[in-house]
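What follows is a set of notes on a single structure, which appears directly below.
The values are calculated or read from the model by the stated rules, or taken from the named source; none is laboratory data. If you're wondering where the values come from, they're calculated on a predicted model, not measured in any experiment. When we count neighbours, we look across all protein chains shown, and the Cβ atoms used for this are built from the backbone with ideal geometry, even at glycine.
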Amino acid sequence: MLPKKMLLVLSLVAAVTMTGCAINPVTGRSELAFYEMSEGEEISIGKKAFPSAIQQMQGEVNDPALQAYVGKVGKKLAAVSHRPQLPYRFVVLNDSTPNAFAVPGGAIAITRGLLVGMENEAQLAAVLGHEIGHVTARHAAQGIQRGMLLNLGVIILGEATGGYSAIARQGGQLAATLIDNSYSREQESESDRLGIDYMVRAGYSPFGSVQLQEFLLKQSGEHDPAWLAGLFRTHPFSRERMVANQAYIQSRYPATLHDSAYGMAPAPFRAATAGLRKSAKAYALYDQARQEEQRKNPGRATELYRQAVQAAPDQALLHSALGHALLRQEKLAEAKPYLAKAVTLDGNYFASRLGLGYVLVQEKEWGGAIRELTRSMDLMPTLEGAYFLAEAHEHGGDRRQAVILYKQVAAADPKGRLGRSAASRLQALPGGRSF
């Protein structure tokens with residue numbers, strides 16, 4: 001009998017050769033597909049990709065009230081969508097880049113950088129409704145069905161393989177692909193219309209969508225690098241698109257524009273987002289610091305990070321960023337308290353755990369290092385996390401686990417610095433010389 005992994009590979013190859021049709025649940029139309037994905041597979045893809053997407057975009061905003069508010073608005077819209085049965089999830093990510101995205105199966109994210117620029121709940125509903133439209137119309141799933149089979153293969157083969165490299169591929173690479181996924185003009189227009197439909201069904205004024213589109217058009221005309229790198233890269237915007245959406249509202253929902261039953265809800269929105277506005281100055285300093293790092297000015301970047309921490313000492317991401325900036329300058333003792341504070345404030349961001357774990361490895365505090373690095377790997381598998389966790393296990397007494405991790409790093413990064421170092425360490429460990 002063929003090994004299970006080989007059977008999965010052959011099944012994947014067979015899928016490439018069989019072209020068929022899939023049904024769009026919104027339009028009812030048949031669509032060309034190499035592989036017809038079931039709803040269960042859509043949900044599975046989202047569950048695999050979304051946690052990594054969260055970590056790649058600085059983790060969640062640590063504001064439970066805000067998260068609950070956005071979730072409530074999103075679920076109100078999802079309930080009146082074409083696919084209310086999906087396990088929708090709505091998350092605010094702590095990323096300054098203005099963006100929003102959806103993954104198959106109903107997981108939807110909006111960034112701090114986009115949310116902080118809005119003025120009312122109807123505008124938020126316009127964004128979330130648009131992303132729900134991408135989900136209900138299966139736009140990301142269509143991309144996989146029509147040819148993104150490499151990612152599909154990663155998911156399938158991930159079920160048959162274990163360890164760091166498989167987890168990193170199926171989570172990290174798939175998440176990056178879905179975050180960066182851009183849609184066709186037709187798909188964007190379809191999601192615009194669906195989002196407006198869902199807004200009205202949920203009791204929001206579609207004028208919120210008009211306001212949002214006018215705001216987006218203004219931003220697109222200013223060529224702000226943050227917007228160009230975020231929302232406009234994956235969701236291209238134009239005056240023609242705005243005019244088409246406004247015409248759609250005027251033709252289909254003219255009465256709602258002057259009906260008080262369809263609200264904008266500015267007061268609850270401002271109450272829920274008060275924390276974002278309070279920390280906005282600190283995050284502006286954080287964004288400047290990141291730009292200085294890109295310009296190779298570590299000293300100036302570090303000073304800006306310090307100012308950001310002073311302006312908003314309750315923000316874990318700012319402590320984490322300052323700690324990592326100090327690590328890059330090899331100031332481990334100075335970095336440690338900031339990384340520890342970041343973990344205390346919010347232990348659900350992998351980079352904070354990774355940085356603290358690295359410091360503990362250098363201090364030979366093996367038990368603490370294992371704890372922090374294990375949690376970091378649970379949140380987001382990385383080569384660095386796997387390598388330093390292997391080192392902590394090696395010196396902490398669990399050489400068997402060290403060998404397993406070193407082998408995975410060496411296999412995943414055979415020509416890189418960490419991969420070559422892991423291969424070298426294996427030669428000194430029992431059970432590692434056969435690698």
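Details
- Matching residues, segment 59-95, being assigned to a loop (DSSP other than H, G, I, E, B), in contact (Cβ under 8 Å) with a residue 40 or more places away in the chain and surrounded by fewer than 21 Cβ atoms within 10 Å (Cβ to Cβ): ASN62, ASP63, ALA79, VAL80, HIS82, ARG83, LEU86, PRO87
This table checks each residue for (1) outside any helix (DSSP H, G or I); (2) modelled with pLDDT under 95; (3) not aliphatic (A, V, I, L, M).
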site	(1), (2), (3)
LEU128	no, no, no
GLY133	no, no, yes
ILE144	no, yes, no
VAL154	no, yes, no
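- Meets criteria (without any contact (Cβ under 8 Å) to a residue 40 or more places away in the chain and buried (at least 18 other Cβ atoms within 10 Å of the Cβ)) for ALA342: yes
- Residues in segment 352-376 that are surrounded by fewer than 23 Cβ atoms within 10 Å (Cβ to Cβ) and within 20 Å of the chain's Cα centre (by Cα): ARG375 only.
- Pick from segment 384-415, criterion touching a residue at least 40 places away in the same chain (Cβ under 8 Å) and aliphatic (A, V, I, L, M), ranking: nearest to LEU360 (Cα to Cα): ALA386
- Any hit, segment 412-422, residues being within 26 Å of GLY347 (Cα to Cα), outside the structural domain of PRO51 (by TED's automatic domain parsing), assigned to a helix (DSSP H, G or I) and not aliphatic (A, V, I, L, M): no
- Qualifying residue in segment 231-239 (condition: in a helix (DSSP H, G or I) and at pLDDT 70 or above): yes
- Test: residue in segment 276-293 that is more than 19 Å from ASP63 (Cβ to Cβ), in contact with a His (Cβ under 9 Å, 6 or more places away or on another chain) and of a type outside the set (S, T, N, Q): no
- Filtered residues of segment 57-88 (kept if closer than 23 Å to SER191 by Cβ and under 18 Å from the mean Cα position of the chain (by Cα)): MET57, VAL70, GLY71, GLY74, PRO87, TYR88
Residue-wise test of (1) outside any helix (DSSP H, G or I); (2) within 16 Å of LEU360 (Cβ to Cβ).
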{"position": "ALA284", "(1), (2)": "no, no"}
{"position": "GLN288", "(1), (2)": "no, no"}
{"position": "GLU293", "(1), (2)": "no, no"}
{"position": "ASP314", "(1), (2)": "yes, no"}
{"position": "LEU317", "(1), (2)": "no, no"}
{"position": "GLU334", "(1), (2)": "no, yes"}
